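A.B. asks: Can you read through this structure? Questions will come right after.
The values are calculated or read from the model by the stated rules, or taken from the named source; none is laboratory data. This one's a predicted model, so the numbers in the text were calculated from it and none came from an experiment. In this analysis, Cβ positions are derived from the backbone assuming ideal geometry, glycine residues included, and neighbour counts consider all displayed protein chains. For the accessible areas, the whole protein counts, side chains as well, though only heavy atoms, and no ligand, DNA or RNA atoms are used. Shrake-Rupley method; radii C 1.70, N 1.55, O 1.52, S 1.80 Å.
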Amino acid sequence: MVFGISIVIILIFVLWGALAPTQFASVTDAVYSYSISNFGWFYLLATFFFLLFSFYLAFSKYGRIRLSQNDERPVYTLVSWFAMLFSAGMGIGLVFWGAAEPLSHYLLPPEGAEPGTSEAARLAMRYSFFHWGLHPWAVYTVISLCLAYFQFRKGKKGLISATFEPLLKDKVNGPIGKLIDTLAVIATVFGVATSLGLGTLQIAGGFNHLLGWPNSLGVQIGIILVVTVLFLISATSGLDKGIKLLSNTNLIIAVVLMLFVFIMGPTAFIMETLTESFGGYLQNLIQMSLRLTPFSGGSWVGTWTLFYWAWWIAWAPFVGTFIARISKGRTIREFVLGALLVPSMFGCIWFAVFGGTGLKMQIFDGVPLAEAVQKDTTAALFMTLEQLPWGTFLTGVAIVLITIFFITSADSATFVLGMLTSDGKLNPSNRVKITWGVLQSAIATVLLISGGLGALQTASIIAALPFAVILCLMCVSLYIALKAEEHHKKEQEKHKRAKFEKLLRDHA
């Protein structure tokens, strides 16, 4: 039922975007603007709550509970686990925005700062850390923690609706449960199809910059076809081969590229930027987490922070389901600290290296990177690398990295969509995965041709509002289940103690 309903709704939206892209864009823009204007406060409060709830669980008495049966241990090593959750979570986004976002904020800074000043540069780095640090990973942590707990410890299906059993009881198997799972599938398909299209544009821009290929529709469609074949090969190879191998490769290439830029770039400037920006990020974390502009009426928070929060929540069904699948056997404390702190710290270091290098070139070396970013966001990374030794080689490495991240994200999404539409099976059939893989690529191609890709991205973010409510309720459901388990454990211990005391009395 979830598969059929999802397909019908998705095809309606895609046909609308393909046949009437202007109307589709105007409607989705209006709905998105309404949700941001009227519920921006809810996005901020919900995301901040997810962060607090994650830390509470990690350091509470529930932290020692294992996301499996007590005698089971993690399936994947820490390195492979980090690589897979990082690749699925935001790998390609870091590569795309690592230099571009700080440079964008430098010319259009938050908090009313003067553009092009040292204060604008400080805020640019601080907000880049903020947008890609703890908050997005808190969103992913709460949903994947809920799914992993109910799936591997309680033996429920690997469906988002299954986490609502403490709240809905048997109703999770009825229309309400199907609605929740259908919304998750639609949000995942729209989000991944959009990323396929945007990733294609970025790869095409890289080839244009490196080889002079025209950034034409024909080249873009060719890239989608090649990437589709590659990620379907990976998807049908299984989780332990395809995704694991690609994720480990991703991590190695990303670290090597980052270290090269760190060593060959302005090393001391990068370290000073990291130290100052990380301190500013931690010091102003609460203020940034709850910052709106009701008195000044500024649009920066809505354009950047609220857009990001909605985007992370829209991606949560896909990323959360995948992270839960690879996290069996870890304790809640280990899971939260690993999934929350390690990727966040890596993201901060990445932005310090690439964003710091870009700002150094812009401010002190006179390279007009920020102006170039305003014209073409995809050019930021390639123009930054071009200024370094072996710039052409580094650009080629970056294109390879983007492509592999691209393949890994599509591969992971195909796997998750297979699970969500196969009644939560841990290993969905190749037929279902291939169906979703082909459909995602077809959607991205059709919307690239028609010009409806941006509207689809907006449509996927609209789904974030109801899903934010679902995430909050998932946290409540998880807390009820953990509390019940702890109570049951205490009752068992009390019963054992009473039995032991009775044996002592009888013996006496």
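A.B. asks: Consider Phe13 carefully, then state whether it is out of contact with any Phe, Trp or Tyr (no Cβ under 8 Å at 6 or more places or on another chain) and surrounded by 12 or more Cβ atoms within 10 Å (Cβ to Cβ). Before the answer, list the steps.
C.D. replies: Details: out of contact with any Phe, Trp or Tyr (no Cβ under 8 Å at 6 or more places or on another chain): no; surrounded by 12 or more Cβ atoms within 10 Å (Cβ to Cβ): yes.
In short, no.
A.B. asks: Still on this structure, I have one more. Is it fair to say Leu85 is part of a helix (DSSP H, G or I), in contact (Cβ under 8 Å) with a residue 24 or more places away in the chain, farther than 18 Å from Ile270 by Cα and not hydroxyl-bearing (Ser, Thr, Tyr)? Spell out how you get there, then give the answer.
C.D. replies: Working: part of a helix (DSSP H, G or I): yes; in contact (Cβ under 8 Å) with a residue 24 or more places away in the chain: yes; farther than 18 Å from Ile270 by Cα: yes; not hydroxyl-bearing (Ser, Thr, Tyr): yes.
For Leu85, the condition - part of a helix (DSSP H, G or I), in contact (Cβ under 8 Å) with a residue 24 or more places away in the chain, farther than 18 Å from Ile270 by Cα and not hydroxyl-bearing (Ser, Thr, Tyr) - is met.
A.B. asks: Here's another thing I want to ask about it. Filter the stretch 460-491 down to residues that are over 20 Å from Arg153 (Cβ atoms), part of a helix (DSSP H, G or I) and open to solvent by 10 Å² or more (accessible area, probe 1.4 Å), then give me how many there are.
C.D. replies: 6
A.B. asks: Shifting gears a bit: Being surrounded by fewer than 18 Cβ atoms within 10 Å (Cβ to Cβ) and either assigned to a helix (DSSP H, G or I) or within 21 Å of the chain's Cα centre (by Cα) (or both) is the filter here; which residues of the stretch 260-284 pass it?
C.D. replies: Ile263, Met264, Thr267, Ala268, Phe269, Met271, Glu272, Thr275, Glu276, Gly279, Leu282, Gln283
A.B. asks: Can you name the residue in the stretch 98-112 that is buried (at least 24 other Cβ atoms within 10 Å of the Cβ) and not small (Gly, Ala, Ser) and is also nearest to the chain's Cα centre (by Cα) among such residues?
C.D. replies: The extreme case among them is Glu101.
A.B. asks: I've got another one for you. Taking the criterion of being within 17 Å of Ser234 (Cβ to Cβ), crowded, with 19+ Cβ neighbours inside 10 Å and touching a Lys or Arg at 6+ places or on another chain (Cβ under 8 Å), would at least one residue in the stretch 405-414 satisfy it?
C.D. replies: Yes, the conditions are met somewhere in the stretch 405-414.
A.B. asks: Mind telling me which of the residues Ala254, Ala193 ends up being crowded, with 20+ Cβ neighbours inside 10 Å and either hydroxyl-bearing (Ser, Thr, Tyr) or modelled with pLDDT under 85 (or both)? Full working, then the answer.
C.D. replies: Numbers: Ala254 fails: either hydroxyl-bearing (Ser, Thr, Tyr) or modelled with pLDDT under 85 (or both).
Answer to the check: Ala193.
A.B. asks: Looking at Thr303 and the list (1) open to solvent by 30 Å² or more (accessible area, probe 1.4 Å); (2) in contact with a helix residue (DSSP H, G or I) (Cβ under 7 Å, 6 or more places away or on another chain), which single condition is not satisfied?
C.D. replies: (2)
A.B. asks: Take the stretch 361-378 and flag every residue that is part of a helix (DSSP H, G or I), surrounded by fewer than 21 Cβ atoms within 10 Å (Cβ to Cβ) and touching a residue at least 40 places away in the same chain (Cβ under 8 Å).
C.D. replies: Those that are part of a helix (DSSP H, G or I), surrounded by fewer than 21 Cβ atoms within 10 Å (Cβ to Cβ) and touching a residue at least 40 places away in the same chain (Cβ under 8 Å): Ile363, Glu371, Gln374.
Conditions (1) in contact with a strand residue (DSSP E or B) (Cβ under 6 Å, 6 or more places away or on another chain); (2) modelled with pLDDT of 85 or more; (3) of a type outside the set (Gly, Ala, Ser); (4) assigned to a helix (DSSP H, G or I), marked per residue:
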| position | (1), (2), (3), (4) |
| --- | --- |
| Gly356 | no, yes, no, yes |
| Leu359 | no, yes, yes, yes |
| Met383 | no, yes, yes, yes |
| Thr392 | no, yes, yes, yes |
| Gly396 | no, yes, no, yes |
| Val400 | no, yes, yes, yes |
| Ser409 | no, no, no, yes |
| Asp423 | no, no, yes, no |
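A.B. asks: Out of Ser26, Ser37, Ser54, Ser33, report the one residue that is farther than 21 Å from Leu447 by Cβ, open to solvent by 10 Å² or more (accessible area, probe 1.4 Å) and assigned to a helix (DSSP H, G or I).
C.D. replies: Working: Ser26 fails: farther than 21 Å from Leu447 by Cβ; Ser54 fails: open to solvent by 10 Å² or more (accessible area, probe 1.4 Å); Ser33 fails: farther than 21 Å from Leu447 by Cβ.
Just one listed residue meets the conditions, Ser37.
A.B. asks: Right, here's the next one. For the stretch 233-247, check the following and say yes or no: at least one residue is surrounded by 19 or more Cβ atoms within 10 Å (Cβ to Cβ), in a helix (DSSP H, G or I), within 25 Å of the chain's Cα centre (by Cα) and modelled with pLDDT of 85 or more.
C.D. replies: no
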